[in-house]
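J.: Have a look at the structure that comes next, please.
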Amino acid sequence: MNQAFLDNSLWRNIYCVLAGDSAQCAARDYSPGMLPGGMEWLAFLLAAAAIVGLFVNGVLGGVIVLIWGERRLFGRFQSRTGPNRWGPWGTLTSVADAIKTMFKEDLVPAEADRILFNLAPILIAAPALMVFSVIPFGVGTYVADLNVGVLFIMAITSLTTLAVLTASWSSANRIAILSALRSVALLISYEIPMALAVVGVIMLAGSMSLGEIIQAQGVPFILVQPLGFFVFFLAAMAEMARAPFDLTEAESELAAGYLNDYASMKFGLFFLAEFMAEISTSAIITTLFLSGWRGFDPIPSHFWFGAKLIAVLFVIIWFRMTLPRLRIDQVLKFAWKGLFELTMINIVVTAILIFIWPQPTTAQLWYMAAVNWPVAIVSIWAVSKLLGTPAYEQTQPDLNAPTYPVGSEDIPASSAYVPEVKTQTSLQEGGD
């Protein structure tokens with residue numbers, strides 16, 4: 001058995017309970033396993049299946065809870081009750097919606113490419129689920145600790161662009177294709193600042209492993225990298241197509257967007273992927289900027305990670321309910337002329353600080369925070385001024401312009417239109 005597997009407490013606790021006369025488990029004071037000796041290969045397969053099933057069902061259960069919680073928060077933000085019919089406080093509303101979606105009629109357009117049409121929902125849901133395989137949810141609680149975990153996340157989430165194009169093109173719907181073009185432009189534009197925003201975190205941690213990034217956060221990187229967090233959060237909101245960046249599903253012009261022709265569980269998979277992306281984004285922000293599962297003893301590390309994740313989810317929902325939808329030109333301008341420049345400033349300042357303190361201690365991280373916060377405030381203010389709406393020209397009233405009466409005044413004769421009444425004589429003259 002590879003040592004990396006046994007270092008994973010989640011994997012070790014399942015495998016060593018099942019494995020037979022495993023010397024590596026016995027060295028860690030585990031009693032003989034449930035399976036007979038020589039069946040370690042079966043213990044390996046069963047442990048893998050148990051961990052995958054645990055994470056998949058945990059994420060799906062989290063989505064059910066998130067849908068209910070988000071709708072309840074929407075109600076509070078909008079001064080209404082929210083879902084409260086199915087189950088106590090409406091807790092079974094999401095379950096009822098899932099059952100309803102399963103039994104809806106599954107329609108496929110006559111001109112659709114059926115293979116790609118059925119493949120697109122899988123392409124968009126799988127990456128959102130695979131992200132959780134590299135996120136440490138607690139001490140030794142993860143599926144895999146890749147030394148390129150950040151790169152894996154950036155690579156796997158970029159597959160969303162392919163899924164969006166596949167969904168729209170296969171449905172042979174012009175409205176869906178227009179929505180996909182918007183979505184691809186938005187995704188490509190915001191993937192660049194999102195990736196660059198993480199560069200400062202990688203430079204401080206000296207690694208792309210998510211576990212080592214958490215260990216390096218003697219001070220949470222949200223304090224050391226405020227500009228990187230600002231850019232990453234906004235870019236992540238755009239990548240999820242959440243308000244105010246939800247141009248791909250602008251109901252007034254594009255209806256349901258690139259999934260306009262989907263129904264039943266195919267539509268449900270798109271919906272599921274959107275909420276899984278919300279949870280995965282919160283987990284990534286918690287890991288990269290909020291020191292992950294680190295907290296204070298004796299409270300378990302899993303509790304700290306969950307509490308921080310819920311706090312990020314609340315901010316995401318609050319952000320969505322606060323800001324109105326932007327225009328497509330505003331969204332693209334904000335990415336290329338705003339966030340991109342902010343990431344460049346953050347990388348340059350971080351590189352200078354790393355040059356001064358190559359291996360920063362906790363005290364030196366606080367010094368970096370003291371430098372980065374003024375830089376972030378000034379940079380965001382300067383970019384907001386550059387991107388702001390230009391001042392309108394001060395128009396002067398035209399004294400010769402006609403005046404129009406208010407409701408309490410009579411319309412002057414000069415402003416009234418009196419149609420010319422043609423008499424019988426004029427009609428005869430016109431006929432001649």
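Every number here is computed from the coordinates shown, using simple stated rules; none is lab data. Note that the coordinates shown come from a computational prediction; the quantities given were computed from them, not determined experimentally. Neighbour counts run over all protein chains shown; Cβ positions are idealised from the backbone, glycine included.
J.: Could you check how many percent of all C-alpha pairs in segment 105-385 are farther apart than 37 Å? Please list the in-between numbers first.
T.: Values: 6289 of 39340 pairs.
Of all Cα-Cα distances in segment 105-385, 16 percent exceed 37 Å.
J.: Lysine pairs in the chain with alpha-carbon atoms under 18 Å apart, 8 or more places apart or on different chains: how many are there? Write out the running numbers ahead of the final one.
T.: Values: Lys100/Lys266; Lys104/Lys266; Lys333/Lys385; Lys337/Lys385.
Total qualifying Lys-Lys pairs in the chain comes to 4.
J.: What length, rounded to one decimal in nm, is gained on full extension from Gln359 through to Asp297, with 0.36 nm per residue of separation minus their alpha-carbon distance?
T.: On the way: separation 62, 0.36 × 62 = 22.32 nm, distance 2.63 nm.
The span from Gln359 to Asp297 would gain 19.7 nm if fully extended.
J.: Full-extension gain between Ile177 and Val348, please, as 0.36 nm times their residue separation minus the C-alpha to C-alpha distance.
T.: On the way: separation 171, 0.36 × 171 = 61.56 nm, distance 3.92 nm.
Length difference between fully extended and current span is 57.6 nm.
J.: Given a Förster radius of 51 Å and the C-beta distance between Ala382 and Ile122 as r, what FRET efficiency does 1/(1 + (r/R0)^6) yield to the nearest 0.05? Don't skip to the end; give the middle numbers.
T.: Numbers: r = 44 Å, r/R0 = 0.87.
Rounded to the nearest 0.05, the efficiency is 0.70.
J.: Let me ask you something else. To the nearest 0.05, how large is the calculated FRET efficiency for Ala50 and Phe74 if R₀ is 45 Å and r is the Cβ-Cβ distance? Spell out each step's value before the answer.
T.: Numbers: r = 36 Å, r/R0 = 0.80.
E(calc), rounded to 0.05, equals 0.80.
J.: Using packing as a proxy for protection, rank 380-388, 212-220, 90-98 so that the peptide with the highest average count of other Cβ atoms within 10 Å comes first.
T.: Numbers: 380-388: 11.9, 212-220: 18.9, 90-98: 17.2.
Per-residue mean Cβ counts within 10 Å order the peptides as 212-220, 90-98, 380-388.
J.: Which helices, counted as full DSSP H runs in the chain, have an axial Cα extent of no less than 15 Å and a Kyte-Doolittle average of 0.5 or above? List each step's numbers first, then the result.
T.: Values: long enough: 40-77 (54 Å, 1.40); 114-130 (25 Å, 1.73); 159-171 (19 Å, 1.06); 174-205 (46 Å, 1.83); 226-239 (19 Å, 1.77); 264-289 (38 Å, 1.24); 301-322 (32 Å, 1.40); 340-356 (25 Å, 2.32); 362-387 (36 Å, 1.13).
Correct list, ordered by number: 40-77, 114-130, 159-171, 174-205, 226-239, 264-289, 301-322, 340-356, 362-387.
J.: Moving to a separate point now. Using packing as a proxy for protection, rank 262-270, 33-41 so that the peptide with the highest average count of other Cβ atoms within 10 Å comes first.
T.: Working: 262-270: 18.9, 33-41: 13.9.
Per-residue mean Cβ counts within 10 Å order the peptides as 262-270, 33-41.
J.: Cα convex hull of segment 1-126: how many Å³ per residue?
T.: Numbers: hull volume 27.3 nm³, N = 126.
Output value, Cα hull per residue: 216 Å³.
J.: Can you compute the modelled spin-label distance between Glu212 and Trp366, with each label point 7 Å from Cα toward Cβ, in nm?
T.: Here the answer is 2.7 nm between the modelled labels.
J.: Given the C-alpha centroids of segment 125-172 and segment 38-93, what is the distance between them in whole angstrom?
T.: One Cα centre to the other: 19 Å.
J.: Determine the gain in length on full extension of the stretch Leu162-Ser9; use 0.36 nm per residue of separation and subtract their C-alpha separation, reporting nm with one decimal. Please list the in-between numbers first.
T.: On the way: separation 153, 0.36 × 153 = 55.08 nm, distance 3.57 nm.
My answer for the length gained is 51.5 nm.
J.: Determine, for Thr281, Thr362, the number of other Cβ atoms within 10 Å of each Cβ, and report the residues in order from fewest to most.
T.: On the way: Thr281 24, Thr362 9.
Going from least to most buried by this count: Thr362, Thr281.
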